[in-house]
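The values are calculated or read from the model by the stated rules, or taken from the named source; none is laboratory data. Everything quoted here is computed from the prediction, not taken from an experiment. Here the Cβ positions follow ideal geometry from the backbone for every residue, glycine too, while neighbour counts run over all protein chains shown. SASA here: full protein model, heavy atoms, side chains in, ligands and nucleic acids out. Shrake-Rupley method; radii C 1.70, N 1.55, O 1.52, S 1.80 Å.
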Protein chains: 2
Amino acid sequence: MDTLNALTVFREYLTQFIVFDDAEWAVFKDHLGFRMLKKKKHFAEQGAVCNEFGFVVKGSVRYYYVKDGEEITNYFSFENELVSSYKSFLTRQPGFNYIQALEDSFLITVSYNDLQTMLAHPMLGYKMERFGRLVAEYYLICYDDRMASFITKTPEERYLDLLTTGRDILQRMPQHYIAHFLGITPVSLSRIRRRILRVAK
Amino acid sequence: MDTLNALTVFREYLTQFIVFDDAEWAVFKDHLGFRMLKKKKHFAEQGAVCNEFGFVVKGSVRYYYVKDGEEITNYFSFENELVSSYKSFLTRQPGFNYIQALEDSFLITVSYNDLQTMLAHPMLGYKMERFGRLVAEYYLICYDDRMASFITKTPEERYLDLLTTGRDILQRMPQHYIAHFLGITPVSLSRIRRRILRVAK
DNA sequence: CCAAAACGTTAACAAAAGATAACGAATTGG
DNA sequence: CCAATTCGTTATCTTTTGTTAACGTTTTGG
């Protein structure tokens with residue numbers, strides 16, 4: 001996909017938060033970057049400050065921590081979703097997690113500095129603040145739902161939920177990543193799948 | 001505490017996000033409400049749209065779900081913290097959780113309508129958008145940390161973390177609420193505490 | 001002040017999950 | 001294309017957690 005199409009897709013995505021008129025878009029557009037991310041390459045790394053947020057035009061990424069030398073995947077982003085090590089990006093402190101492309105991916109990026117410039121821009125400032133608020137609120141709600149599922153549901157229930165709402169994750173992610181995403185080990189997920197199959201028959 | 005003092009405390013709290021000059025504050029102030037919440041009374045209820053967010057001047061609240069007839073506490077707010085059923089407040093849809101005062105509490109409140117009025121206010125709009133963004137970002141980071149602890153840590157590790165960072169929760173909340181907050185049952189937390197005591201000796 | 005309810009601990013047992021290892025199947029990366 | 005790695009499942013064993021119930025203590029609310 002060429003950058004022109006990518007921009008069109010991104011602008012369309014943004015309308016759920018904010019609608020830029022052509023003059024505003026012209027300015028906004030100039031602050032965007034494009035980034036090809038080869039499979040297994042990192043968008044963010046532990047110990048480094050994350051200087052960009054991205055929009056996934058094509059491909060997918062996983063977020064993971066390393067604990068006791070082991071990788072623990074805790075999230076994914078696919079096409080038409082944003083991606084960033086949010087805490088690091090927002091606080092300007094080194095992040096704790098990695099973000100890695102799982103396929104050759106293409107992203108539109110906004111650097112922290114460009115974002116600040118736009119937030120302070122006479123023409124764009126108000127809308128950018130609003131955009132930032134609405135995006136943050138959107139993700140706040142996502143986190144809220146996910147926390148609720150950890151507090152009120154068993155791993156098996158979370159997996160059953162995923163069966164109805166997580167098509168992308170189920171179809172495009174290996175099972176051991178999904179296991180950690182659900183808060184359990186791959187072996188345990190394998191057993192849960194068998195339990196469910198037995199009941200289903 | 002009288003409302004005048006409460007306003008001073010709230011204004012001071014807000015400075016971590018936004019600083020209002022006196023003219024702005026005069027307008028902002030007019031959109032605030034005050035609410036005494038007797039112990040065990042609810043600030044938000046399952047099935048009802050949450051029409052306000054609050055600032056806890058005095059007291060404390062717990063957030064809980066009801067699952068299979070059982071109450072599952074998943075969060076707390078204390079003095080100098082905000083409180084709301086955020087998803088319901090932001091989406092205008094009925095909420096899934098209850099918020100209940102655990103002591104006689106005093107809150108400053110902002111209704112959804114007043115917030116919208118201020119967001120559209122010529123003088124206040126920009127700062128209010130910014131305020132909203134920064135608050136949402138702040139809570140996003142809180143959720144991010146909490147999710148990470150559920151994905152990467154055991155219940156025992158989460159309890160040990162709480163021992164160093166959760167003074168208010170440990171000292172002011174009954175143990176069975178804390179257990180659910182950690183994602184386990186009260187019986188299990190009791191065992192974890194015993195394990196830790198045995199090791200400590 | 002007192003009866004009722006709520007709370008924290010412990011025990012006993014069942015269920016689930018973690019750790020480790022083994023195995024074939026699938027994927028991968030030259 | 002093939003050797004090496006990764007992946008998903010299964011088995012075994014251990015640890016942890018859930019469930020239920022009992023108990024004494026504390027708190028609560030008339």
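Laid out as a table, the results:
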{"quantity": "Hydrodynamic radius of region B:1-66 per Kirkwood, over alpha carbon pairs, in Å", "calculated": "13.9 Å"}
{"quantity": "Max mean-square fluctuation residue, GNM over chain B, Cα-Cα springs under 10 Å, options B:Pro186, B:Pro155, B:Pro122", "calculated": "B:Pro122"}
{"quantity": "³J(HN,Hα) computed for each position of region B:134-145 - Karplus, 6.51 cos²θ - 1.76 cosθ + 1.60, integer Hz, glycine/proline x", "calculated": "5, 5, 4, 5, 4, 6, 4, 5, 4, 4, 4, 4"}
{"quantity": "Rounded tilt (10° steps) of B:186-200 against the dominant C-alpha axis of chain B", "calculated": "70 degrees"}
{"quantity": "Square roots of five times the Cα gyration tensor eigenvalues for the protein assembly as shown, Å", "calculated": "33, 33, 19"}
{"quantity": "Sequence-distant residues sharing a close amide H with A:Glu103 (under 5 Å, placed H)", "calculated": "A:Lys40, A:Ser60"}
{"quantity": "GNM top mover of A:Leu163, A:Leu119, A:Leu182 - chain A, alpha-carbon springs below 10 Å", "calculated": "A:Leu163"}
{"quantity": "GNM flexibility winner over chain B from B:Phe150, B:Phe181, B:Phe96 (Cα, springs under 10 Å)", "calculated": "B:Phe150"}
{"quantity": "Unit charges on C-beta of K, R, D, E only; dipole of region B:3-122, Debye", "calculated": "340 debye"}
{"quantity": "Surface share of carbon and sulfur [accessible, 1.4 angstrom probe, percent] for the protein assembly as shown", "calculated": "52 percent"}
{"quantity": "B:Glu79 long-range amide H proximity, modeled H, under 5 Å", "calculated": "B:Gly59"}
{"quantity": "Rg followed by Dmax, in Å, when region B:1-121 is reduced to its Cα trace", "calculated": "14.7, 51"}
{"quantity": "Relative pair counts by distance (%), Cα atoms of region A:50-148, 10 Å bins", "calculated": "14, 41, 35, 9, 1"}
{"quantity": "Cut-off 19 Å, label 7 Å out along Cα→Cβ of A:Lys40, residues of region A:47-69 by amide N", "calculated": "A:59-66"}
{"quantity": "Solvent-accessible area per residue, Å², over region B:3-122 with all protein chains present [probe radius 1.4 Å]", "calculated": "46 Å²"}
{"quantity": "Size of charge dipole - the protein assembly as shown - debye, nearest 20, with Cβ of Lys, Arg +1 and Asp, Glu -1, no other charges", "calculated": "2020 debye"}
{"quantity": "Hypothetical label at A:Asp168: residues of region A:37-75 whose amide nitrogen lies under 13 Å (7 Å Cα-Cβ projection)", "calculated": "A:55-63, A:75"}
{"quantity": "Whole-Hz ³J(HN,Hα) from phi, Karplus 6.51 cos²θ - 1.76 cosθ + 1.60, for region B:16-25, glycine and proline x", "calculated": "5, 10, 7, 10, 8, 7, 4, 5, 5, 4"}
